[in-house]
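Data block below; observations after.
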Amino acid sequence: MLVKIFKFLMLLLALLLILVTLFLVLAIESEPIANGQSHHQVDQAESVKLLLKQVSGSVKDRANKQIITINEKQLNSLVGVAQRANAHFSGEVTILPSQASIVASYYLPNNPVGRYLNVSVLVLPGKGVIVDYVKIGPFYIPGNWTVAALVYYANWSTKSDIASQFLQQVESVSMVAQQIDLSMLPLAPFLKALNLAKQGVSGSGDQGLRLKTSYYLKQLSLLPITKSSSSVSLALYMGPLFSWAQARSTADTAALENEAAIMALAIYAGHHRFANLVGDVQPKKGYVALPTVKPMLGLRGDLNQHFIFSAAIKILSEQGLSIAIGEFKELMDRSKDGSGFSFVDLAADFAGVKFAEVATNDHTALQVQQILADNTLEASFFPGIQGLPEGLNKAAFTRRFKQVDSPEYKQLVAEIRLRIQGLAIHQVHATQAAADPQ
């Protein structure tokens, strides 16, 4: 009897795999339906600042109903970030008084079937969130089925009902040309539930990474320099940190030790909320470990934040996303109330990403430890920033660089990358790559 049940289940699984494969093959098309140009989309990045202010205000005024207004430029700017993070993706959002459409295309590797997987979504105004349909290739899927499936998956993956609660927060959706208005119920109950869900997710994460991160965070908190009343270089943290990592590492574990060390540094010298993505790592329950004064890089505190945040985001996500987020932040800063586009900040973002990449690479993790252990020189891991323009408002940026991805822009980005590639930790990576071209 058990053998028959097993055979039936295997047959059912095989049939399901065949159906899914057939669906995907038939869904692939020869032409894209989305042709959004990321350099045009992110050129409106400063508009997203208004959206962020609205969201921040809604969180602060969580006891009352809110109207959150999102316009087409803001949504397409965010889509542009995704495109810059992944060059194979393209997307566009269009908002009309009667509907909002989202179209996306993904460029596939060479295959005999087709080159693009196209997806379109149609959202309608009304009470709650109404998705009319989701179309994958030529196939239409009822919107309520898709929403139900996504909600189920989100609830299951977070071991909560947070996705269901979020949908319940949206009282109604209204639209005019190029603008959506979301009427939101008071956010207080949802934010409380979100915090509980977040704790559940972080608590059920990688236990090995959590324990290692907790160790490095405690060691950082015991450094004498953390009590200094003036800011010191991040290199004074980096040297001891990688000395501890080196002492705890073998060839097989060095990458994971470095990953935990970087996350501990992000929590301690960047922002304590990075701990939410790792788990309960604070050395003393109920207290946040942090230095008296945050460290700096290039004699600037903001560059320390750019570097550490980018390194942590690289570990938690794809490299392309880390770079795209940093670039987008600079584009937002071109607004009147911003600090201006800074290629110095961008260099710190790029350096943080590449630092995390080489430090957590199985082939180079030990060599990075050897270079950084007890090393207090910033020049080992952070590039020179001399001559890089910053403080550019939108007019000045456009006058000098025209737009993102112009030849002038690419030339300066290439120069930044060369400066980073010349650092000691990346010479190790270049040597390894030459020895092992795979």
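Run through the range 297-404 and list the trypsin sites (Lys or Arg not before Pro) located in a DSSP loop whose Cβ has at most 14 other Cβ atoms within 10 Å. Please report the intermediate quantities before stating the final value.
Working: sites: R300, K314, K329, R334, K336, K354, K394, R399, R400, K402; in loops: R334, K336, K402.
Filter output for the range 297-404: K336, K402.
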Exercise. Grab the Cα-Cα distance for Q178 and R62, subtract it from 0.36 nm times how many residues apart they are, and report the gain in nm with one decimal.
Key: 39.1 nm
Self-check item: Computed [θ] at 222 nm, deg cm²/dmol, the chain (DSSP H ≥ 4; -39,500 (n - 2.57); rounded to nearest 500)
Solution: -16500 deg cm²/dmol
Quiz item: Nearest 10 degrees, 0 to 90: what angle lies between the long axis of helix 319-332 and the longest principal axis of the chain (Cα atoms)?
Solution: 90 degrees
Self-check item: Calculated log10 I(q)/I(0) by the Debye sum over Cα atoms at q = 0.07, 0.10, 0.12 Å⁻¹ (choose from (1) -0.43, -0.90, -1.25; (2) -0.36, -0.78, -1.20; (3) -0.35, -0.73, -1.04), label
Solution: (1)
Quiz item: Using the alpha-carbon atoms, what tilt in degrees (0 to 90, nearest 10) does helix 47-60 show relative to the longest principal axis of the chain?
Solution: 90 degrees
Practice problem: With label points built 7 Å along Cα→Cβ from the Cα atoms of A148 and F23, find their separation and express it in nm. | Solution: 1.4 nm
Quiz item: What nm distance separates the two modelled labels at A247 and S406, each placed 7 Å from Cα along Cα→Cβ?
Solution: 5.3 nm
Quiz prompt | Set of lysines with alpha-carbon distance to K410 below 26 Å, sequence-local pairs under 8 removed | solution = K49, K73, K314, K329, K336, K354, K394, K402
Quiz item: What ranking of H39, H271 comes out by heavy-atom accessible area, probe 1.4 Å, highest first?
Solution: H271, H39
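Using a 1.4 Å probe over the heavy atoms of the protein chains, calculate the carbon and sulfur portion of the accessible area of the range 29-114 as a whole percent.
Details: 2650 of 4550 Å².
With neighbouring chains kept in place, the figure for the range 29-114 is 58 percent.
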Quiz item: What distance in nm separates the simple spin-label points at D302 and K284, each placed 7 Å from Cα in the Cβ direction?
Solution: 3.3 nm
Quiz item: In nm, what is the difference between 0.36 nm times the number of residues separating R273 and K159 and their Cα-Cα distance?
Solution: 39.0 nm
Exercise. Specify the angular offset, from 0 to 90 degrees and rounded to the nearest 10, of the alpha carbon long axis of helix 235-247 from the longest principal axis of the alpha carbons in the chain.
Key: 80 degrees
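Ranked by accessible surface with a 1.4 Å probe, highest first, in what order do Y268, Y140, Y133 come? Mind showing how you got there, number by number?
Numbers: Y268 5, Y140 140, Y133 60 Å².
Descending accessible area places them as Y140, Y133, Y268.
The values are calculated or read from the model by the stated rules, or taken from the named source; none is laboratory data. On a predicted model such as this, the values are computed, not experimentally measured, just so you know. Ideal geometry is used to build each Cβ from the backbone, glycine not excepted, and the neighbour counts take in all protein chains shown. Side chains are part of the model used for accessible areas, which takes the heavy atoms of the whole protein and leaves out ligands, DNA and RNA. Shrake-Rupley method; radii C 1.70, N 1.55, O 1.52, S 1.80 Å.
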